[in-house]
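Undergrad: Below: one structure in structure tokens.
The values are calculated or read from the model by the stated rules, or taken from the named source; none is laboratory data. Keep in mind it's a predicted model, so treat the numbers as computed, not measured. Methodologically, a virtual Cβ is constructed for each residue, glycine included, from the backbone with ideal geometry; neighbour enumeration extends over all protein chains shown.
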Amino acid sequence: MSEGTTAFTPRVFSGIQPSGGLTLGNYLGAIKRFVDMQGSGIETIYCVVDMHAITVWQDPDALRRQTRELTAGYLAAGLDPTRSILFNQSQVPEHAQLAWIFNCVARLGWMNRMTQFKDKAGKNAEKASLGLYAYPALMAADILVYHATHVPVGEDQKQHVELTRDIAAKFNHDFKTDFFPMTAPVIEGAATRVMSLRDGSKKMSKSDPSDASRINMTDDADAIAKKIRKAKTDPEPLPESVEGLKDRPEARNLVNIYAALSGDTVADVMAQVGGKPFGEFKPLLADLAVEKLAPISSEMARYMRDPAEIDRILKDGAGRARAIASPVVQKTYEIVGMVGA
Ligand code: TYM
């Protein structure tokens with residue numbers, strides 16, 4: 001955590017969309033790292049980005065349930081509402097207010113380069129919502145409305161955090177100010193890009209039509225073990241060393257998952273399992289995954305039995321988030337020249 005702007009107090013912000021169930025990719029690439037950063041002595045703010053979720057159609061009842069379920073996932077994984085600010089985006093209107101300003105700062109050319117938009121909009125971009133296109137400017141607002149200096153994310157969000165820096169730089173330049181920090185993406189650890197269990201060249205994703213391609217945080221021990229047993233591999237045993245994983249995406253993915261779950265480095269894992277056939281390695285990985293994930297999924301289920309408590313936590317977090325965000329929007333309006341700010 002070094003390359004953030006030094007003139008700003010370090011502050012961590014990140015978010016996850018409540019647009020479906022949580023996957024092992026979300027857990028290892030994001031939530032587990034959110035929890036690690038909670039203990040680092042830096043203020044940590046974690047959001048359930050419901051306004052991002054509606055850039056594609058969400059059934060209202062499903063959105064409510066998924067928002068609570070994701071919050072339950074945050075809590076079950078170890079985020080503590082007394083040590084981090086936890087809230088859902090729509091309860092803090094300052095995100096949308098700043099996003100509008102950033103819509104007027106970001107350039108169409110920049111948005112046109114966003115690979116996630118191209119992936120999500122697919123061939124039929126004309127039918128995509130305007131919100132899906134503007135999505136990265138809202139993400140920049142999420143981050144900059146707290147003057148966040150560090151954003152833990154998986155590899156797939158790197159381009160969006162870079163755009164956030166471009167927006168901050170252009171705003172600062174256009175208005176001759178240094179109001180917004182240059183936020184650093186924090187993409188660290190063995191599992192910054194967890195791949196599909198069915199195809200080592202594709203990211204593990206909640207939107208993949210094949211449920212066998214991912215481990216869901218709500219999967220039970222049997223489902224986890226079965227998916228790992230059936231995970232695609234090549235016919236060779238594991239290589240002896242890290243270098244041997246280079247051209248073996250499926251093997252590399254399973255070893256990375258093992259490393260991220262155990263907290264060991266990839267080199268340590270290879271020292272333990274190098275040379276083993278998959279028939280031996282997969283049961284070890286399945287046991288480890290069940291050991292680490294089963295307690296989280298049962299805690300999630302326990303939190304979900306008390307939705308009123310989840311709502312209370314989100315509301316309380318939103319109040320604390322607004323206390324930070326509101327003066328930033330006020331100051332931004334003033335810089336831009338809005339009368340009354
Ligand atoms: P989302 O909801 O798609 O994913 C949430 C987080 O999980 C990470 N992730 C993965 N990491 C490793 N391997 C995978 N297979 C994998 N799949 C998902 C993502 O990188 C992300 O960190 N635009 C964001 C949400 C967002 C946000 C923000 C993030 C909105 N505003 C501000 C940070 C700061 C998104 O769609 O993430």
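Undergrad: Which ones in segment 166-197 are over 13 Å from the mean Cα position of the chain (by Cα), within 14 Å of the ligand (Cβ to nearest atom), more than 20 Å from Tyr133 (Cα to Cα) and not in a loop (DSSP other than H, G, I, E, B)? It would help to see each step written out before you state the result.
TA: Let us first name the residues in segment 166-197 that are over 13 Å from the mean Cα position of the chain (by Cα), namely 166-184, 189-190, 195-197.
Of the ones still in play, those that are also within 14 Å of the ligand (Cβ to nearest atom) are 167-168, 181, 183-184, 189-190, 195-197.
Now narrow it down to the ones that are more than 20 Å from Tyr133 (Cα to Cα): 181, 183-184, 189-190, 195-197.
Ala184, Met195 - these are the residues of segment 166-197 that are over 13 Å from the mean Cα position of the chain (by Cα), within 14 Å of the ligand (Cβ to nearest atom), more than 20 Å from Tyr133 (Cα to Cα) and not in a loop (DSSP other than H, G, I, E, B).
Undergrad: Which pairs turn up if I take residues in segment 171-187 that are at pLDDT 95 or above and look for partners that are in a strand (DSSP E or B) with beta carbon separation below 6 Å, at least 6 apart in sequence or on another chain?
TA: Close Cβ pairs satisfying both conditions: Thr183/Val151; Ala184/His150; Pro185/Val151; Val186/His150; Val186/Pro152.
Undergrad: Also, quick follow-up: Just wondering, is there one or more residues in segment 81-95 that are assigned by TED's automatic domain parsing to the domain that holds Gln330 and in contact with a Pro (Cβ under 6 Å, 6 or more places away or on another chain)?
TA: At the first step, the residues of segment 81-95 found to be assigned by TED's automatic domain parsing to the domain that holds Gln330 are 81-95.
Within this subset, residues satisfying the condition of being in contact with a Pro (Cβ under 6 Å, 6 or more places away or on another chain) are none.
No.
Undergrad: Any idea which of Ser201, Ser207 is surrounded by fewer than 17 Cβ atoms within 10 Å (Cβ to Cβ) and either among the aromatic types (Phe, Trp, Tyr) or within 16 Å of Arg252 (Cα to Cα) (or both)? Give the derivation first.
TA: On the way: Ser207 fails: either among the aromatic types (Phe, Trp, Tyr) or within 16 Å of Arg252 (Cα to Cα) (or both).
Only one candidate qualifies: Ser201.
Undergrad: Moving on. Being modelled with pLDDT of 95 or more, in the same structural domain as Gly29 (by TED's automatic domain parsing) and on the phi < 0 side of the Ramachandran plot: is that true of Ile215 here? Talk me through it step by step, then tell me what you get.
TA: On the way: modelled with pLDDT of 95 or more: yes; in the same structural domain as Gly29 (by TED's automatic domain parsing): no; on the phi < 0 side of the Ramachandran plot: yes.
No; evaluated as a whole, the condition is false for this residue.
Undergrad: Right, here's the next one. Pairs, please: C-beta under 6 Å, at least 6 apart or cross-chain, first residue farther than 19 Å from Thr71 by Cα and assigned to a helix (DSSP H, G or I) and in segment 203-223, second small (Gly, Ala, Ser) and near the ligand (Cβ under 10 Å from one of its atoms)?
TA: What qualifies is Ser213/Ser196.
Undergrad: If you don't mind, another one. Can you go through Lys230, Lys206, Lys246 and tell me which one is modelled with pLDDT under 95 and over 22 Å from Val35 (Cβ atoms)? Before you say what the answer is, go through the steps one by one.
TA: Working: Lys230 fails: modelled with pLDDT under 95; Lys206 fails: over 22 Å from Val35 (Cβ atoms).
Of Lys230, Lys206, Lys246, the one residue that is modelled with pLDDT under 95 and over 22 Å from Val35 (Cβ atoms) is Lys246.
Undergrad: Need a quick list: helices (runs of 4 or more DSSP H) entirely within segment 93-165 having at least 1 residues that are hydrophobic (A, V, I, L, M, F, W, C), away from the ligand (no atom under 12 Å from the Cβ) and farther than 27 Å from Pro327 by Cβ.
TA: Details: elements: 94-103, 108-112, 115-121, 130-144.
Qualifying helices (runs of 4 or more DSSP H): 108-112, 115-121, 130-144.
Undergrad: Right, here's the next one. Is there any pair with a first residue in segment 137-161 that is in contact (Cβ under 8 Å) with a residue 12 or more places away in the chain and within 16 Å of Ser84 (Cα to Cα) and a second that is among the basic types (Lys, Arg) and assigned to a helix (DSSP H, G or I) whose Cβ atoms are under 6 Å apart and which are 6 or more apart or on different chains, and what are they?
TA: Close Cβ pairs (under 6 Å, with a partner that is among the basic types (Lys, Arg) and assigned to a helix (DSSP H, G or I)) amount to Pro152/Arg33.
Undergrad: Starting from residues that are out of contact with any strand residue (DSSP E or B) (no Cβ under 8 Å at 6 or more places or on another chain) and either part of a loop (DSSP other than H, G, I, E, B) or assigned by TED's automatic domain parsing to the domain that holds Ala286 (or both), keep the ones in segment 18-39 and report whichever is nearest to the ligand (Cβ to nearest atom).
TA: Selected residue: Ser19.
Undergrad: Here's another thing I want to ask about it. Quick one: what pairs do we get from segment 37-63, first residue surrounded by fewer than 21 Cβ atoms within 10 Å (Cβ to Cβ), second assigned to a strand (DSSP E or B) and basic (Lys, Arg), C-beta under 8 Å, 6+ apart or different chains?
TA: Ile42/Arg11; Glu43/Arg11
Undergrad: Go through (1) within 11 Å of the ligand (Cβ to nearest atom); (2) within 15 Å of the chain's Cα centre (by Cα); (3) of a type in the set (Val, Ile, Thr) for Thr67 and report which single condition fails.
TA: (1)
Undergrad: Residue check: is Ala125 at pLDDT below 95 and hydrophobic (A, V, I, L, M, F, W, C)? Please lay out each step first, then the result.
TA: Values: at pLDDT below 95: yes; hydrophobic (A, V, I, L, M, F, W, C): yes.
Spelling it out, Ala125 is indeed at pLDDT below 95 and hydrophobic (A, V, I, L, M, F, W, C).
Undergrad: Which one of the conditions (1) touching a helix residue (DSSP H, G or I) at 6+ places or on another chain (Cβ under 9 Å); (2) modelled with pLDDT of 95 or more; (3) of a type in the set (A, V, I, L, M, F, W, C); (4) more than 30 Å from Trp57 (Cβ to Cβ) does Met195 fail to meet, given that it meets all the rest?
TA: Status for Met195: all satisfied but (4).
Undergrad: Among the residues of segment 250-262, is any assigned to a loop (DSSP other than H, G, I, E, B) and surrounded by fewer than 20 Cβ atoms within 10 Å (Cβ to Cβ)?
TA: No, every residue in segment 250-262 fails to be assigned to a loop (DSSP other than H, G, I, E, B) and surrounded by fewer than 20 Cβ atoms within 10 Å (Cβ to Cβ).
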